[in-house]
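Asks: If you scroll down you'll find the structure; I have some questions about it.
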Amino acid sequence: MRIGVGFRGMLARSGNGWEHWGAGVRGESEEIPEGGAHPSRGRARILVIVVGLGCLLIAGAWIAYGRQAKTQQQAKATGSGPGGQPARPVPVVVAPVRTGDLNVYLTALGSVTPLNTVTVKSRVDGQLMKTHFTEGQVVHAGDLLAEIDPRPFQAQLMQAEGQLARDQANLANARLDLERYRRLAQQEMIARQQLDTQEMMVSQAEASIKMNTGQIDAIKLQLMYCRITSPITGSVGLRLVDPGNVVKASDTGGLVVITQLEPIALVFSVPEDSLQPILRRFRTGGKVPVDAFDREGRTKIATGTLVAIDNQIDPATGTVRLKASFGNTDGVLYPNQFVNARVLIDVLHDTMLAPAEAIQRGPQGAYVYVVKPDKVVQMRRVQLGPTEGAVVSVRTGVTDSEALVVDGAEKVQDGARVEPTVRKASPAGAPATPGAAGTPSAPQRAPRPGA
């Protein structure tokens, strides 16, 4: 290694004395042995060690600070702060557990179906002269709906009546001849064969009269068919044929469709696993109530009764069809309308009822937070029963009148101290009993981590 020397007035210690190297100035460089760089490498190593120790100290301080913060957070959650002083209670809303009856319903999607639907057709061929109904009108059985031109049938009737009168005259003449032949036969003035022939002619005339009478009755029936009347009581649909058109008995479209609206039926399907509870109630002979709700399942539209259960299960879907009847005097149900049908299948008496908002769910199942009289929260595992609306039946885990956290459960843990507020009663008009009509189901809370 070479370094420049500015002057040579340096002293070097050699042995026991000092040696003067000289005071002259040299502009050239001197050779320094390689061993002279060892002290610089040592200092670099010391510097790296010091920096590493500093980083370790900083990391340790950071970890210690995190543990201390976590400990303080847990202390706040358990109701104690630094120095053993109690932390501020967590405000929560509670609702009491109560004992009562719970109606258990089965909900299924159904379609409103008329009990009777009639497509009114003409039974004779002819020109449609006039209609006597308004589209959408409610007609009664026997009301006149339309008229077909009756003149062709009136002419046929006149011809048939004339033919009948001629046959009746021929019959009368044949009977007179028969009486003459009988007297002559008694006097043996004619052969027996002539008498038998005349008797056959009388029988033919009588048969011809019967045929003409039947033809007249058929024409009169066709004249009656020229006046089309309503076969049922119901609502008239849109007119399918306008007056002036020629209609035939073979037409498939018909003149108009009449649908019976009062009463009306609701057909819905339920899973085969739910069939037995319905059958038990249906076979007792009592009425099985069926409620019809709107698409959202919030508003009750009508109340009816179960009237029929299909005799087989659909193997493709594993469901069975049921039919309920509704009076529908207010016309709220309409044919082919989709509604939610709710069937009352059971009533649980004297069971524990808890708000659905209080139920929490975790990996180990359902649980609730119970606020004890000392305002400390206790977490309990519960076994749930059927749910109806915003009320859940609880088989085990809670007792009557215990307060359950329904709002603020995400801010508490087992053993936390809280400040409970009792939830206000339902507003006026809200259902007061579980399973009441129109009560929406409460949304389920997301499970808490580690619950």
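Asks: Determine the dipole magnitude for region 213-315: charges of +1 sit on the beta-carbon of Lys and Arg, -1 on that of Asp and Glu, nothing else is charged, the reference point is the Cα centre, and the result goes in debye to the nearest 20.
Replies: 320 debye
Asks: Of the accessible area of region 259-332, with the probe set at 1.4 angstrom, what percent is carbon plus sulfur? All intermediate terms of the calculation are to be shown ahead of the outcome.
Replies: Details: 1970 of 4270 Å².
Accessible surface attributable to carbon and sulfur in region 259-332 totals 46 percent.
Asks: Lysines within cross-link reach of residue 411: Cα-Cα under 24 Å, excluding same-chain residues under 8 positions apart?
Replies: 70, 76, 372, 375, 424
Asks: Additional query: What's the carbon and sulfur percent of region 92-166's accessible surface, probe 1.4 angstrom, rounded to a whole number? Walk me through the numbers on the way to the answer.
Replies: On the way: 2020 of 3980 Å².
That share works out to 51 percent.
Asks: Just to check I understand the Karplus step: with θ = phi - 60° and J = 6.51 cos²θ - 1.76 cosθ + 1.60, what whole-Hz values come out for region 238-248, glycine and proline as x?
Replies: Each residue of region 238-248 in turn: 6, 6, 9, 10, 8, x, x, 7, 8, 10, 10 Hz.
Asks: Report the net charge of residues surrounding residue 423, where surrounding means a beta-carbon distance below 13 angstrom and charges are Lys +1, Arg +1, Asp -1, Glu -1.
Replies: 0
Asks: Now for a different question. Size of the dipole of region 119-168 about the Cα centre, Lys and Arg at +1 and Asp and Glu at -1 on the beta carbon, nothing else charged, in debye to 20?
Replies: On the way: 5 positive and 7 negative charges, 14 e Å.
In debye, rounded to 20, region 119-168 gives about 60.
Asks: Let me ask something else about it. Using θ = phi - 60° and the Karplus relation 6.51 cos²θ - 1.76 cosθ + 1.60, list the HN-Hα couplings for region 276-285 in order, rounded to whole Hz, with x at every Gly or Pro.
Replies: 4, x, 5, 4, 4, 6, 6, 7, 6, x
Asks: What net charge is computed for the residues neighbouring residue 213, neighbours being all others with C-beta under 15 Å from the C-beta of residue 213, Lys and Arg scored +1, Asp and Glu -1? Walk me through the numbers on the way to the answer.
Replies: Values: positive: 166, 210, 220; negative: 161, 167, 206, 217.
Within the 15 Å Cβ shell, the charges total -1.
Asks: Using only Cα atoms, locate the centre of region 163-182 and the centre of region 276-294, then give the distance between them in Å, rounded to an integer.
Replies: 72 Å
Asks: Can you give me the three principal axis dimensions of region 106-217 from its C-alpha atoms, in Å, biggest first?
Replies: 93, 42, 19
Asks: Which of the lysines could a cross-linker bridge to residue 323, judged by Cα under 19 Å and excluding same-chain residues fewer than eight apart?
Replies: 287, 300
Asks: I want the local charge near residue 400. Using Cβ-Cβ distances under 12 Å, sum +1 for each Lys or Arg and -1 for each Asp or Glu among the other residues.
Replies: On the way: positive: 98; negative: 350, 402.
Neighbour charge sum, excluding residue 400 itself: -1.
Asks: Can you work out the accessible area per residue across region 236-343, with the rest of the protein chains kept in place, probe 1.4 Å, in square angstrom?
Replies: Heavy-atom SASA per residue in region 236-343 reads 56 Å².
Asks: Give the carbon-plus-sulfur fraction of the accessible surface of region 186-233 in %, rounded to a whole number; probe 1.4 Å, heavy atoms of protein chains only.
Replies: Roughly 54 percent of what the probe reaches on region 186-233 is carbon or sulfur.
Asks: Moving on. Just order 163-172, 89-98 by mean Cβ neighbour count inside 10 Å, highest at the front, would you?
Replies: Most protected by this proxy first, the peptides run 89-98, 163-172.
Asks: Still on this structure, I have one more. How long, wide and thick is region 196-261, going by the Cα atoms along their three principal axes, in whole angstroms, largest first?
Replies: For region 196-261, the Cα spread along each principal axis is 65, 27, 17 Å.
Asks: Let me ask something else. Farthest toward the dipole's positive end in region 255-315, which of 301, 265, 288, given Cβ charges of +1 (Lys, Arg) and -1 (Asp, Glu) about the Cα centre?
Replies: It is 288, whose Cα lies furthest towards the positive end.
Asks: How do 254-267, 299-312 rank on mean C-beta neighbours within 10 Å, highest first?
Replies: Result, highest mean first: 254-267, 299-312.
The values are calculated or read from the model by the stated rules, or taken from the named source; none is laboratory data. What you see is a predicted model, and the numbers here were worked out from it, not measured in a lab. Quick reminder, even Gly has a Cβ in these numbers, built from the backbone with ideal geometry, and neighbours come from all protein chains shown. All accessible areas refer to the heavy atoms of the entire protein, side chains included, with ligands and DNA or RNA removed. Shrake-Rupley method; radii C 1.70, N 1.55, O 1.52, S 1.80 Å.
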